[in-house]
Structure formats: C-alpha cells, structure tokens
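The values are calculated or read from the model by the stated rules, or taken from the named source; none is laboratory data. Just so it is clear, the structure is predicted and the values come from calculations on it, not from any experiment. When we count neighbours, we look across all protein chains shown, and the Cβ atoms used for this are built from the backbone with ideal geometry, even at glycine.
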Amino acid sequence: MTRQTLLGLGFLSPALLAVMMFFLLPVVLTVVFAFTNMSTSTGILGGEYQISESDLRRLPAVGVGEDAVALLAGAGYAVQPETLALFAAEFGEDRAAELDKLHGGAKFDDQRAMERALKELRRNPLRKVRDRKTAADLFRVSILGQRFATRDDFALAITDLGVPERDRLALTEAAYTGWTFTTQNFELLWELPATWRYALNSVIYVVLTLGFNVGFGLFLALSTFYLPSRTAQTFRAIWFLPRILPPVLYVLMWQWLTWDQGFISAMLRPFGIEPINWMRHTATHAWTFIVLINGCVGASLGMILFSSSLRAIPETQLFAAQVDGANRWQQVRHVLLPQMRWPILFITSYQTLSLLTSFEYILLATDGGPGRQTEVWALAAYHTALSNYGGNLEYGLGAAYALALVIIGILLSALYLRFFKFSELVAKPRIEQ
Amino acid sequence: MKKMTSALALIAATAAAPVLAEDITITVWAGGSNDSDHYRIDNIRIAADMLSREAAIRGEELNITVEGKRDFDGWDGFKQAVTLGAEAGNAPNIVVTSHLDIAPWASAGYIVPVEDYVDLDAWPLNNIYGNLMEIATFDGMQWGVPQDAESRPFFYWKETFAALGYSEADMDAMSARVEAGEYTLRDMLADAKKAVDMGLVEKGYGFYPRVSNGPDYAQFYQSFGGELTDTETGKLLFDRTAMTEMYQFFVDAVDAGVTRRNHIGTEWDQWYSEVANGKAAFWHGGTWHYGRYTGKEGNEDFFGTVGFTLIPAGNDAGRANTVTHPLVYLLTDQKDDRVEEIAAQLVAIASEPRLNALHAIKSSHLAIGKAEAGLDLYSGDRWAAEATEVLLPHANAQPNHPSYGAFSEAMFKGLEAAWTGVQTPEEAVAEVEAQLTATLGDELIVR
Amino acid sequence: MNTKGNWMLILALSLISAPLVIMYGFQLIDSVSRPAPGGIIPQEWELTNWRFLWTSIDSARPSIWRVTFNTFVFASATALLVCAFSITAAYALSRLNFPARRFFLAGLIMLHAFPTITLIIAIFIVLQFLGLYDSLMGVILVKAALELPFGIWIMKGFYDSVPWEIEMAGVQDGASRFRVWRELILPQVKPGLSALLIFSFLAGWSEFILPLVLAPGADAQVLATYMNAVIADDTRPDYGLFKAIGMFYALPVIAVYLLFQKRLMNIYGGGTKG
Amino acid sequence: MRIELQNFTKRFGDTTVIEDMSLSVASGEMIALLGPSGCGKSTTLFAISGIHRIDGGTLHFGDRDVTRLPPQDRPVGVVFQNYALYPHMSVADNIGFPLRVQNLKPAEIKRRVGEMAELVQIGNLLARKPQQLSGGQQQRVALARALVRKPDVLLLDEPLANLDAKLRLEMRSEIRRLQRETGITAILVTHDQIEAMSMCDRIALMKDGRIEQISTPGDMYERPASRYVAGFLGNPPISFLRAEAKGQLTIGADNALPLPHGTAARGPITLGVRPEHFGPQHRGPSIAGQVSFIEPQGREDLIDVTLPCDQRLRAIVPAGHDIALGQPVTWQVDLSRVHLFDAEGARL
C-alpha cells in the first residue's frame, strides 16, 4: 500500500460508508424483499408462531390432520387437576380448593369466561384485575391465539398439547406469522392488468415530459439567447424558480390555479364555461398538468445546459450565417441546432432515468388519480409498499416493483457509460507516486 | 471497592424511599382526526389525571405524561407512520384508528389485546354496546375499545325535495320508506335527474357522493345486494353482480348528468360548503358532518334544511343500510408490560360515559354505551338523539379481515375507473376480480 | 428586423411564462389579502393569513418556529455532511491513484442515475437497525447519502479543473498529498464548495418524501411535511393561509436565489439533476 | 550533483513511451532535452522529478539511488510551463511554501524568501498575488520557489513557452545566470532549438522516446548524428537533396557534386545543405537551378532555388543583390560543410 493508496481510500471511506449504508444495502435488501411475501401482516423483522381461530379453517388444506385441528380448537380454559395445581402454587391451596368446588372439571371458551369464574371466589376473592388475569392464564390449556416467540417454544407447546408427530411440521409452518420466500410477487406483476397500465403510464409520462423538457428547454435557451441579457435573465429567473421552490409549495400553486374555484375556472366563468377541476377532470386533464408541472421543473435544466452550450458556439459562425443572409430560423436550424446534439442527447438520456424513478410531483398533484390514470410505476411501488388507505402495506410486492426500476436503472446507466465514453472520464491521475 | 460501596448506598437509598415515584410517558396518535376530535387525545389526558389521583390515594406516586399527535398526512400517512413505528419499536402506546386495522396489526404483532389488561365485565367497559365491542374483536379476542360510534346516512336537501313535489309528511315518512325498501337508489336517481332538469340544482349536483375512498362505498355495494364476508367461513366475499350493478349505478348517475364525471378528487372543503348550503340535491356523509354543516359551513337550520335516511336499497337483492365505522383505542406492543397496563387503564377510564360524551357531542359522533346515551349532554342534543334512533340499529361494520384493506382499495379503484369512463363497469369488475383473486387467493370467495 | 424579431420573441415568451408569473404573483398577493368570496381579485389587504406565526393554528400542530428550526437543522446538517464527504471523496476520485479507482468512478456515475426513492422501504429497515427511524438525525443521514453522488460528481468536476501543475508543484515543494490537498487545492475549489453547500441546503430545505416516511413523529417535522399536513387537513381550507405558510417557507429559497443566482445556475448546469 | 539515469523505461498502460534510455548529467551542468512534442522529454523530466514512476532502470543523484523515492523526498526544484503559482497565496507565501513544509521558523523563512527574491530581482513584489504579476515576474517567482529550498537539481519544463518574444530573450539569459550563480545541475525541457542552444551546456535531442544525439550545441549543429538532428537544428532549416553516390554525387540529371573526401558511400543518399552554405557568395562546386521564391528578411534574403529535378535548395544571400524571381542561377556549395546521410538517415 503506497501512501497515495491509503490517502485515496481514506478520503473515499466516509462517502463509501454512507453509500454502502443507504444505497448498496437497500439495493440488496430490495432484491431480497422482492422475493418475500412481506407485508404489514407478516411484519418486517421476522414473525412469531401463532394459531388463531381463523387459521383453524385453513389448517386441513395445508395438511394438518383433522384430529390435530380438533385438539387445537378445543376449549381454551380448563379447571382440571394440573391447572389447579399451578393455581394453588401461585395463589394458595384454599383458593384452589374453593375453585375446584365451584368449577372443578369445567371448561371455558375464552379468557373472559374464565375470569368470570374466578370472580365467583367468595371466601378468598381475587380482588385485583391483574391477579385474575394472571390466574386465568394458569388455566389456559389451548394455545389458540397465543404467540410464541421461537419455533422451539411453539414445538414444545404443541407437543404438550398432544398434536401427533406427523402434523407438527405442517402445523409449525402454518403457525409462522412472519414472511417467507416466494416468487409470487413476480407472478402477480406479470398477471395483474394494472401492472401493464402502470408501465404504460410510466412510458407516457417519460415520453411526454421528456419531450416537453427538451423541446421547451431548447426553445427557452434559443429565445433567450437572442434577447438582450437583462430581458433574458428575467425570463430565465421565471423558469428557474420552479426548480428550487419546495415541491409542496410549487404543486400548491398549481392546485390553486386549477381547482374548481381557482384561477382558470374564475377566468373562464364569464365565458360561460363551467368551473371544473382542471387538473382532475379527466385523465387527459391530469396528464396535461402532470406534464406541465414536471416539465416546468425539467425545462429549466435543459434551458441552463443548452444556454451554456449555446454561449460556447463562436459568435463568428452566426455573423457568417447572417452575412450569408440566413434568417433567425435558418440560423437556428442550420448553425445552432446541429451543434447542440450532444447536450440534447445528454439531457434526454439523463432525464429518462430520473423521470422514470421520480414520483414526488405526481404524488402531490394527483396522487395517481383520477382512477389510477396517472399512477406511474414508481408511484405504484410507493403506494403498494408504503401508502394505501387500507393500511396493509405490501413491502414484498412494492420491492418487486422497485426492483424492476433498479434493474432498468442499472441497465440504462451501464448503457450510458458506454455511450458517453466512460474511459475518457477516467484518465489516470498524473502524479503516480 | 469504591464502586461497590456506592452501589450499595444506592440500593439502600432506594430501599429506604417510602414511595417509589413512577414516571411514565404515554403517547397517543389519532388518525383521521380534525380539530373537533381533540377529545380522542384529551380524554386520555383526563384519564391520566384520574389514574394518578387513584394512585396517590393508594399512596403511590404515578406521574403520567401524555403526548398526543394527530396531524398526519391523511389516513395513509397515519397508517404508514404507525406501521413503520411499530416495526422500529417506537410505536405510540395508544393509537386511535379504524377498527379495520385490528386484523393486519394483530397478525403482525403490533398490538396487544386489551382484554389482557382490563376487566371487560367491569365498569365502564361492560356498559359499551355489545355490537360495538364485537367490532373491536378479531379471532376471538378483544383487541380494542370502541372510541366512538357513527353511521353514514343519506342526506337530501329539503327545499329541493319539496320543489320536486314532496310534502312535509312525505319527508317525515322518508326514513321509514327507505328502511322498507320502498324508496330505492334508482328512485333517488330519477328525482335527482328531475332536480337537475328543473334547474333546482346545477348539472352534476343531483347526487353528490363522497369524494374519496371510504367505508361509504361499501354501503352502496350492500345496497345492491353485496355482502362483505361469507358468514360461514369468514372469508371475504366478492359479489360480481352486486359490484357490477353498483358501478353501473354510478355510471348511470354520470350519464344522466346527475353526478360529475370528475367528481372524485373534488376538494373536501369545497364539497362541504356546497352540500351544507343546498347546492346538491342528494348526497351522503357521516353523522359527524352535522358538526361541520352547522359549525364552519354556517348552516343554522340543519333540521329545517337537511333530511337524512339510511342509504337506500339499490335493487331487490339489496337492503337499505348504513355502515358504522367506529374508531377504536388500540394498545401497541411495548417492551415494558407495565406501560401497556397503564395505557390499558387509561383507555378504560377514557371510555367513561361522561368523558366519551364530550367527544361524541363535540365531534357529532354517536354514543358508545347505554349510560352515555342517557347523559344530559347527549340526550339534549337533537342530532345525536335522532341519529341514534334512525341509524344505529341498522348499522353494520366492515369485517375485521387482514385483507379487507386490499379489498376495499381495489373495489374503489374499480369504481373510479368506471365512474371516470376509463372502463365499462363490466371491464372494471373483471379487472378488480382478477386482481383480488390474484392477491387474496384463498381468502376470497367470488360469487 | 432584429428589434421587431425581439419584440415578437418577448411577446411569445411572456405569453408562455404567463401561468408561472400569475402563480407567483397570486402566491404573493393572496398571502396578504383576502379575495372576494368565490373570486380571485383581492378585496382587502390583511395579515391574518400570517397568524400561524404567532398563534397555533390548530391545537395538535407543533409551533411553526420549532418546525422551522427543524427544517433549518435538517437542511444545514445535510448540506454540511454532503460537502464534508464530497470534498474528500471527489478529490480521491479526481486526483489520487489507488486500486479500483475505475470501479468507484463507474459506480459513482451509476449511483448518480439511480432510482433512489424507490429504495425507501429498504432504507427504512436500515435506519431502523441503526435506531434512527423517526429521528431528524436519521433523515439527515439518508438525505445526505442520497445527495452524495451528485455532490461528489460536482466536486470532482471542480477538482478536475484545477491545473495539475499546482498539485505537482506542491508535491515537488516537499508537501505530502494531504497537505497539498488542504493548503493548495482546497482553496482553489472554494467557489465550487460554496455552490454545493447552497445547493444541498436548498435540496434539504425542500425535501418532502424522506421526512414524510422516515420521520413522521412530531419531533422531526419539517416545513414540507408541516405544510402538507395543513393542506391535507380538510377542516381548514384556506388558500390564503396555505399561501402565507408557503411564502414563509419559500422566503429563504428566494433569498438564496437572489444572492447566489450565478453560482446556482452554474451548479445546476454543471451537475445534472433531473 | 551528478544525475545518472540508466536504462530508463516508462510505460503508460500497455504502451511503452520510453525504453531503455540512459542519460547522465554532470554536476553543475545545464542540459536541454530537446525534441518535438510527444517525444518523451517531459516524461523523462517528470520521471526525474519523481512525479512519474520509473518502470525500469535506475536514477541516481550523485551516489544516492533515488529511483523509488516519491517526489517529496527528492532534492529537486521544478519550474512548470504555466509556472503553477498558488493563486491564493502572495508571492512571499508562494516562495516560502517549500520552507513552511519543512517546518522552518518564520523568521528563517522570511530571511531566505527575502534572499531568494533579491536573487531573482522581485524583492519589491513580495506582497502581491500571482495574478497581479506579469508573465516574466511570475516566471521569476516560480524560479525562486523552485530554488528556495536549495535543491540539488533544477528541472525546467518549457519555462519560456508562455512568454512573449521579448521577455523570452530576457529570461533566457536570466535563467542561465541563476543557474550559473547557484551552480545547480539543471535540465531544461524545450521544443525550441534556440532556447536549447543558447542556454545549455549540452543538448540531448530526443525522438520517439530515444535520445537521438547528445552533445554540445555547436558540435550538434556542426556534426548532426542523423538527418533528423540536422533537420531539427537550424533556422532557417537545412535543405535536403536526394542524391546518388557513385564516384560523385548525382543530383537529378543535370547537377552533380564531387564526393566530399573521406566518403565512400554508394547508392542513394541524402545531402544536407544549410542555407548559409549555399549561395553566390561561397566558393566550391556549383549547382544550377532557377530562383523560385524570395523572402526578404532585412539584413539578408532567403532565396529558394529549384533544381531541374524539382528539388529545392535554400540560400541566405546578403541584401542588396539584384536577383529576380525566375532567374536561372548557378551557385556554389561550401562542400566542406555539407552533411551526408544514408538511406536510413544516419550520418555518413
């Protein structure tokens, strides 16, 4: 290790650590999650073991014998010698004797009934709720609804219960509440008609927005190029602001412009046009505004980049063109545009990727509506995994959605690396030792 | 050696202290709550005060700090926050949320059954309506305590209704006619169309439904004969015919010019102000709308201007109905069992009739128990009294099923697609069915 | 012909820019006035929309000052972290010879165009393992990490433009590479560093989704989530209030823009952020 | 300090740019590495300075093997083509930087910076920033900084390339003066033959990573080792004629010269004639042709003569002649000063 190597790696390591933690690790996790059925119900961090009432119905289907199911379904609480002995050890022989007299041999369906029975103790009453709860627990013979932290605990419990050997494995599997590995997410993605619509939406979104960004960015750059610098600066500022304004505020301004009592409606009312929500009226309206909202943000990037490459074109070329009698359009068409090929290509490829994966503005503007018409792939991933009205967050499926984007992202950027001559970027450092 | 001595001194000191002061912080997160719902959190505060006093009488020092939060980014944001918080091990101690969350959250182990900590047979929990308590159970266990009750009535604007030719007496009889299935959604549609055609209301304002997904749409599914669960197996039920007819109903409403095609996504505030001031002929909402109409929207003569009934039946297969969607207090799983216990006791105290009545009347919800309904504050409130009488007996709740969220979501998205004309009702139903059978598999029965 | 052409151009540009200008204009006007009911023309001038500054607009909402403080801490900590990590990493990638440098560079470019936000579920898990979920610290780390590829890329560009000879001269004068970096090279990239600082600050200031998902608790609220919650709350429909909060939220952004226009344009042009 | 570079090989990736090159520079000597761009002269310089790793061979300063030493540890001062002054530091800080790196006391640094500034005659500029200086002044600062820590070796990488013609002349002698006064061993990299010839004790002329010839300027001019060397040195450049040697030198069909004595070549050769050795004012065998171009230079004119075989010779003729364009001439060649090269370009 030379000093330079050490210094290089040392200098890189803080960034490397951050990237590992919040990029690489998440990518790996996303890949893993995509192959699980993880959701709110399963939890993220592994599950426990529990058989609930509703599980009983599906147990036979997974190969648990009828008699085992009957065993599990049996009454929950029993006053019998074994449980009474436990009770006696904890709360005294007298109480146990009294309870035995009252309810000896009785079975109770649920904890509430058991507690009621315990309340009947007259001579040695259990006064505190807490004590009755503890006591009731001692009489529990069923494991229904009980959660066991580990596999072993559960195995022990069902063995105690007398579940036959041959059913134990299937039962344990069925009792696991955590997530398991599966390829079902991808089958789902493949089968669901909605998936294809999201993909199509993404394509529409990227193509339209990109077209607007590049076309409009070019227009802004070219038109401000010809204007006196003060005027040009004003227009550039107007178009630059959307880029730095906080998205929440920026979208709010659009909401105000478009809602039923907003600016557009108010302006059009005198002309007898019914006020409508211009952003959400139909899918076409929604798309128009999605493209405008994103486009006004994106166009400024094109504007800045194109402007600077325009400034790099020697003015003499324009003078020459003017001398040749070219009008402005011809200058643009034949002198300027041909020299903008690379910036245009760059913006196009760069924004394709970032548009494909961004959803913030759509989330704030239409949240995918109306009728999921503007739900793009990335937003679907977010909704599936993290936000839906029902509250059942499907992390696994969401990760599968995300994984598709990750793969597209890697493929596209690998392609761009080749295309934009990566090797030229990595000229060797000139100080060698 | 020195360390040891000081450790011993510490033990001695603590042992010598006569009363052990206990400091506990309880966080309460309430979803979907507005300003008028502040008693959801404040009642826990009051309960904390009571509990501390009780402890003081026993000679214990119990200091409870209650921290509340209710400004979430809608229900989605709230549920996301609770879920992720629970995974991260810092979930709030008490959550006030839809009873529908019990199933998934219980399966995930985020919440603990309230029955493990409080005596359900003791006051005040034994006074809560049985059917409401039932709504907070899942898999045979009592997971939560109902926090409020409500139901979702159908409203009509009396002035418009009168102009359509209905008399005062007709209006008085409306609830009964709807209940008996004599006045159906189709009749309503015809009346609404008439109202639009006569210029009583603007186009698109004949029938003015809820602007976003919610339990309300399950009501229309039921109106057309749909059932949400199969009583036998407890599985979710997808009734193709009922679903198609329900979608068709909304499409017809749009086609008739009675409802706007782009209605979904209308701003809530705009919606409230419009229905409260007679811009719409028919709409539906919730019992808590009363507070909003008479308060913020300034409708001073609610009973003179607004009539309410059950959601009418849609066809012969269906029934007039209303869904109650009580919020429940749930306890989350914490490392320290003592905290769960305190939280449970707070929930129990907060369910005292007087405390709950504060919430019910302040936020125009319904009582959760018999004693509460008998309190002056409650019975003196005309809306609470009438709504309880007309609606609550017929209210049913949506099922506590881990996958009901997905079901409801898909149902609404399909409706939205049909409504906005993106798909025909048949196409939409087929797509929803495909999606649900794929995602729910075994848990769904398609009929 | 040119002046006439210019007027045509200005006219066309003005027309196209009109919606944005109208939005900016009314953003300002509506925050200090009350429009006629159902209309948009301001009727009377008033400051009640700014009441959120001195009273709590809703009992459950944290004070705006607390939220503003959070946002400031979030944005500046993010900016400082991004800069601190970028200046070293970018120097290494730009100037130092070490094994696998090519690989790191390619990785950097890939990250630069990566669907970061779709990883948010997994990022949640990581934060949670670190015990940083629902804390400002956690969101700061994540935001800084996500901005890092961009920051490194920008800084690398600035390092690349420092003449090699300065570095060589320093080495020849007997200084270690570290000393050369600190005393000779770092001063040359100061303009870039301050541009990156401003840029990352703005990025942090505007961030919405990360705090929304990763820090939903009351303690870590920032202006973006605060404002969104105010808007989402359907009992308080009040564009005047929203706009006043928005104005308050945007003031630092506009100030920064006016002060550092040139530098910002530079960095947005030099780096590339969609 | 003697510099001994032996069997030096340098590769960049897969391409070998310099192979097996040896060079030795005597203590106190100033040597020029001369050659066109891409010939490897800068690479050699940077290898000696330590910035480039030496892939093969050894480098000794005196008896000390410095082959593997990093640049920081080599007693070398370097002046770069663009001076590489630190823009954010004052002149004094620039010159003092190498001393600060050695952790000398501020007073000591101040004293030595002052001395050095006097030596390069910029004592009055110490407080200025580099961008406030003219090119020549910057050059002097760069020299001072390179010399301030008393290195054993001074390396100059195209130091005059960025100066205008007048300053270049001034700095040429200035650098030489400093080198002489300090007695430092110096290596100058340049592509300009005049710089190399006027400033250095010896010149190493490089081509494609090899040293073509190493010698004193006069010797190299008088006795170029190859056609390449002959062509590189001299302004206006030497003219080459294709000729056939068989008893005498036949140039095309119409011209022939006697073979210079001592040459026993046969077959096709190249004849090199410098312009100052051809013209009407010389004595010797003559060559006939036609004047095809006249370029007045003031004191003298450059005149191109095209031979019947369509080859061209250039002559320097004192001004005031009456030669006209197109005029047929028969001029003399100073045969003792012409150079003969074989087909491969080696001197005969």
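Quick notes on this structure:
Residue-wise test of (1) surrounded by 24 or more Cβ atoms within 10 Å (Cβ to Cβ); (2) among the hydrophobic types (A, V, I, L, M, F, W, C); (3) over 15 Å from A:GLU394 (Cα atoms); (4) more than 11 Å from chain C (Cβ to nearest Cβ).
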position: B:ARG70; (1), (2), (3), (4): yes, no, yes, no
position: B:GLY74; (1), (2), (3), (4): no, no, yes, no
position: B:LYS79; (1), (2), (3), (4): yes, no, no, no
position: B:LEU84; (1), (2), (3), (4): yes, yes, no, no
position: B:ASN90; (1), (2), (3), (4): no, no, yes, no
position: B:ILE94; (1), (2), (3), (4): yes, yes, yes, yes
position: B:ILE102; (1), (2), (3), (4): yes, yes, yes, yes
position: B:ALA106; (1), (2), (3), (4): yes, yes, yes, yes
position: B:GLY109; (1), (2), (3), (4): no, no, yes, yes
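- With respect to (1) in contact with a Phe, Trp or Tyr (Cβ under 9 Å, 6 or more places away or on another chain); (2) exposed (fewer than 14 other Cβ atoms within 10 Å of the Cβ); (3) not charged (D, E, K, R), the lone exception for A:PHE154 is condition (2).
- Scanning region B:326-333 finds one or more residues that are surrounded by fewer than 20 Cβ atoms within 10 Å (Cβ to Cβ), farther than 25 Å from B:ASP172 by Cα and not assigned by TED's automatic domain parsing to the domain that holds B:GLY204.
- One residue alone among D:SER134, D:SER90 is within 27 Å of D:SER173 (Cβ to Cβ), surrounded by fewer than 20 Cβ atoms within 10 Å (Cβ to Cβ), among the polar types (S, T, N, Q) and assigned by TED's automatic domain parsing to the domain that holds D:LYS41, and that residue is D:SER134.
- Here D:PHE240 fulfils each of the conditions (1) at pLDDT 90 or above; (2) farther than 17 Å from D:SER336 by Cα; (3) part of a strand (DSSP E or B) apart from (2).
- Residue count, region A:268-282 (criterion: at pLDDT 80 or above and either at the interface with another protein chain (Cβ under 8 Å from one of its Cβ atoms) or touching a helix residue (DSSP H, G or I) at 6+ places or on another chain (Cβ under 6 Å) (or both)): 2
- Test: residue in region C:201-215 that is assigned to a loop (DSSP other than H, G, I, E, B), in contact (Cβ under 8 Å) with a residue 60 or more places away in the chain, under 30 Å from A:SER358 (Cβ atoms) and at the interface with another protein chain (Cβ under 7 Å from one of its Cβ atoms): no
- From the list A:ALA78, A:ALA70, A:ALA113, the one residue that fits, being closer than 16 Å to A:LEU144 by Cβ, touching a residue at least 60 places away in the same chain (Cβ under 8 Å) and of a type in the set (Gly, Ala, Ser), is A:ALA78.
- In summary, B:SER408 fulfils each of the numbered conditions (1) assigned by TED's automatic domain parsing to the domain that holds B:LEU125; (2) assigned to a helix (DSSP H, G or I); (3) not hydrophobic (A, V, I, L, M, F, W, C) with the single exception of condition (1).
- The residues on offer are A:THR195, A:THR182, A:THR209, and the sole one that is touching a strand residue (DSSP E or B) at 6+ places or on another chain (Cβ under 8 Å) and more than 8 Å from chain C (Cβ to nearest Cβ) is A:THR182.
- Neighbours by Cβ (under 7 Å, 6+ apart or cross-chain): first from region B:427-447, more than 11 Å from A:PRO193 (Cα to Cα) and polar (S, T, N, Q); second surrounded by 15 or more Cβ atoms within 10 Å (Cβ to Cβ) and at pLDDT below 85: B:THR439/A:LEU188; B:THR439/B:ALA406
- Residues that are among the polar types (S, T, N, Q) and either facing another protein chain (nearest Cβ under 7 Å) or part of a helix (DSSP H, G or I) (or both), drawn from region D:66-104: D:GLN72, D:ASN82, D:ASN94, D:GLN102
- Counting only helices (runs of 4 or more DSSP H) wholly contained in region A:160-247, the ones carrying 2 or more residues that are surrounded by fewer than 21 Cβ atoms within 10 Å (Cβ to Cβ), modelled with pLDDT of 90 or more and not hydroxyl-bearing (Ser, Thr, Tyr) occupy A:193-226.
Residue by residue, here is whether (1) in contact with a Cys (Cβ under 7 Å, 6 or more places away or on another chain); (2) outside any helix (DSSP H, G or I); (3) surrounded by 15 or more Cβ atoms within 10 Å (Cβ to Cβ); (4) not aromatic (Phe, Trp, Tyr) holds:
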| position | (1), (2), (3), (4) |
| --- | --- |
| A:MET21 | no, no, yes, yes |
| A:LEU25 | no, no, yes, yes |
| A:VAL28 | no, no, no, yes |
| A:PHE33 | no, no, yes, no |
| A:GLY43 | no, yes, yes, yes |
| A:GLY46 | no, yes, no, yes |
| A:SER54 | no, no, yes, yes |
| A:VAL64 | no, yes, yes, yes |
| A:ALA70 | no, no, no, yes |
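- Restricting attention to region B:325-353, the residues that are touching a Leu at 6+ places or on another chain (Cβ under 7 Å) and under 30 Å from B:TYR247 (Cα atoms) total 1.
- Sole exception among (1) of a type in the set (A, V, I, L, M); (2) in contact with a strand residue (DSSP E or B) (Cβ under 8 Å, 6 or more places away or on another chain); (3) modelled with pLDDT under 85 for B:ALA385, by number: (2)
- Selection status of B:ILE46, within 14 Å of B:VAL28 (Cβ to Cβ), β-branched (Val, Ile, Thr) and surrounded by fewer than 20 Cβ atoms within 10 Å (Cβ to Cβ): yes
- The one condition from (1) touching a Ser or Thr at 6+ places or on another chain (Cβ under 7 Å); (2) at pLDDT below 80; (3) within 14 Å of chain A (Cβ to nearest Cβ) that C:ALA122 does not meet is (2).
- Index of the failed condition, D:GLN139 passing every other in (1) part of a helix (DSSP H, G or I); (2) within 13 Å of chain C (Cβ to nearest Cβ): (2)
- Beta carbons closer than 7 Å, at least 6 apart along the sequence or on distinct chains, pair a first residue in region B:137-161 that is on the phi > 0 side of the Ramachandran plot with a second that is surrounded by fewer than 24 Cβ atoms within 10 Å (Cβ to Cβ) for B:ASP139/A:SER52; B:ASP139/A:GLU53; B:ASP139/A:SER54; B:ASP139/A:GLY145; B:GLY140/A:GLU53; B:GLY140/A:ASP110; B:GLY140/A:GLY145.
- Checked against the criterion of being within 14 Å of chain A (Cβ to nearest Cβ), touching a strand residue (DSSP E or B) at 6+ places or on another chain (Cβ under 8 Å) and surrounded by fewer than 22 Cβ atoms within 10 Å (Cβ to Cβ), the candidates B:VAL196, B:VAL211, B:VAL254 yield just one match: B:VAL196.
- Among the residues of region C:138-158, the one identified as surrounded by fewer than 24 Cβ atoms within 10 Å (Cβ to Cβ) and either at pLDDT 90 or above or not in a helix (DSSP H, G or I) (or both) is C:LEU141.
- Entry remark, region A:275-313: residues being in a loop (DSSP other than H, G, I, E, B) and farther than 20 Å from A:LEU252 by Cα number 2 in total.
- Scanning region D:179-211 for residues that are surrounded by fewer than 21 Cβ atoms within 10 Å (Cβ to Cβ) and more than 28 Å from D:ARG227 (Cβ to Cβ) yields a count of 4.
- Members of region B:129-179 that are exposed (fewer than 15 other Cβ atoms within 10 Å of the Cβ) and either closer than 18 Å to B:LYS370 by Cβ or in the same structural domain as B:ALA348 (by TED's automatic domain parsing) (or both): B:GLY130, B:GLU134
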